[in-house]
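Coordinate-derived values only; no laboratory data. Fair warning: this is a prediction, and the values are worked out from it, not measured in the lab. Quick reminder, even Gly has a Cβ in these numbers, built from the backbone with ideal geometry, and neighbours come from all protein chains shown.
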């Protein structure tokens, strides 16, 4: 057993914050996961937030986490396709994509506007 009951530790470094995942054992022998977020303060030093999850509670936590993740993924997919004009492969009438001049009527037929979207697999 390591320092202060630490069994395992890893970190994820991102541009504006770092996450630490520490598996520890308390004095009673209970295992827990300590998740720490550390952000640089503009005035110097760090702001740290910590969440502690005991081994007995991890399955419940993961169930909630998984449900939340699915909702977020669905929202991102729907947002991505809800406004096709924001996608790279979309041409609204009267606009030209960079480097492309297709020379057609701008998508107008019978006075109606048309959005051309090419299906792209990602």
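Only residues that are in a loop (DSSP other than H, G, I, E, B) and within 20 Å of residue 5 (Cα to Cα) were counted across segment 19-49, and they come to 5.
Close contacts from segment 57-69, counting a first residue that is under 20 Å from residue 23 (Cβ atoms) and a second that is surrounded by 12 or more Cβ atoms within 10 Å (Cβ to Cβ), with Cβ to Cβ under 7 Å and a gap of 6+ residues or different chains, come to 58/33; 61/53. Could you tell me whether residue 41 is touching a strand residue (DSSP E or B) at 6+ places or on another chain (Cβ under 8 Å) and surrounded by 10 or more Cβ atoms within 10 Å (Cβ to Cβ)? Against the criterion (touching a strand residue (DSSP E or B) at 6+ places or on another chain (Cβ under 8 Å) and surrounded by 10 or more Cβ atoms within 10 Å (Cβ to Cβ)), residue 41 does not qualify.
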